[in-house]
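Working notes, beginning with the structure itself.
Read the figures in this text as sums done on the coordinates, not as results from a lab. All values reported here derive from a predicted model rather than from experimental measurement. So basically every Cβ, Gly included, is an ideal-geometry build from the backbone, and we count neighbours across all protein chains shown.
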Ligand SMILES: NC(=O)c1ccc[n+]([C@@H]2O[C@H](COP(=O)([O-])OP(=O)(O)OC[C@H]3O[C@@H](n4cnc5c(N)ncnc54)[C@H](O)[C@@H]3O)[C@@H](O)[C@H]2O)c1
């Protein structure tokens, strides 16, 4: 097993990509601290995984002291901390007209500052275990969709943080920091979110090749499979890296033949 006996905090693990990462980590031999906003969903994930290998803590990740409580829970439950997966995010739709100061502050609090504070709170333990951090970004970090303005800004900040800390923490503490930027992933929430944005009931079954060259978008389990590499000792001393997980390049793409829009 590739993560034998590792203790990993996975934020935002009540649904979607975080849930898939937590379940995969346990299948690879790890113990996980599950956390997220939805108490009921978290308990369901915990029941699926079993409480020998997981604990669950429901809290807003941007609340004062949350980072310390998560690190303490890992230590109290499993005696150490080997890795942090900063996956929780507020995936909020906003553009130049609707991004007010409150929204921008909140999205940066949840998506950028909370991951930073969790790394800071866990650093002593991560140094002891020569552990690592995996930040879950987004391909929106490079520029982003017009209607994901606040979210894209928050993910841009996260990507810079990964590169900065991936250098400094590796050198000074022996702690690796890397990031994966998922492309478009079909989670239970994304299915609903896009309907709210006006797409049809079965939008994910007929996507134009421009967005989904393979005919479908990614599955959470495919992101979880990649996460294992970055969390395991297989990635050796590699640090400060950001890897895009999309089905086409984000930079320098050929002009698409199919310019139809999604409906
Ligand atoms: N789904 C996609 O297409 C996609 C694409 C690129 C990147 N991502 C990134 O992947 C990660 C997971 O995305 P997802 O689609 O699975 O999200 P999701 O909306 O399904 O789940 C979000 C998780 O984060 C938690 N969360 C949200 N706000 C929180 C807060 N304030 N405090 C504590 N927990 C909070 C939720 O409880 C939930 O567990 C995010 O970082 C997201 O930006 C997703």
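Taking the conditions (1) outside any helix (DSSP H, G or I); (2) more than 28 Å from residue 234 (Cα to Cα) in turn, residue 179 satisfies each one other than (2). As a summary of the residue check, residue 100 satisfies the conditions (1) touching a strand residue (DSSP E or B) at 6+ places or on another chain (Cβ under 9 Å); (2) in contact (Cβ under 8 Å) with a residue 12 or more places away in the chain except for the one numbered (2). Has segment 105-116 got at least one residue that is more than 11 Å from the ligand (Cβ to nearest atom) and more than 20 Å from the chain's Cα centre (by Cα)? No: zero hits.
Only one of the numbered conditions (1) over 14 Å from the mean Cα position of the chain (by Cα); (2) outside any helix (DSSP H, G or I) is violated by residue 204, and that is (2). A Cβ distance below 7 Å, combined with a sequence gap of six or more or placement on separate chains, defines the contacts here; from segment 179-190, residues that are touching a residue at least 40 places away in the same chain (Cβ under 8 Å) and more than 8 Å from residue 246 (Cβ to Cβ) reach residues that are in a strand (DSSP E or B) and near the ligand (Cβ under 7 Å from one of its atoms) in the pairs 180/136. When the residues of segment 1-46 are filtered to those that are closer than 15 Å to residue 232 by Cβ and out of contact with any strand residue (DSSP E or B) (no Cβ under 9 Å at 6 or more places or on another chain), the one that is nearest to the ligand (Cβ to nearest atom) is 24. Taken together, 133, 110 contain a single residue that is part of a helix (DSSP H, G or I), free of Cβ contacts under 8 Å to residues at least 60 places away in the same chain and buried (at least 16 other Cβ atoms within 10 Å of the Cβ), which is 110. Residues that are closer than 19 Å to residue 88 by Cβ, more than 18 Å from the chain's Cα centre (by Cα) and more than 13 Å from the ligand (Cβ to nearest atom) are absent from segment 156-163 altogether. Count of segment 136-154 residues, restricted to those that are buried (at least 22 other Cβ atoms within 10 Å of the Cβ) and assigned to a loop (DSSP other than H, G, I, E, B), is 2.
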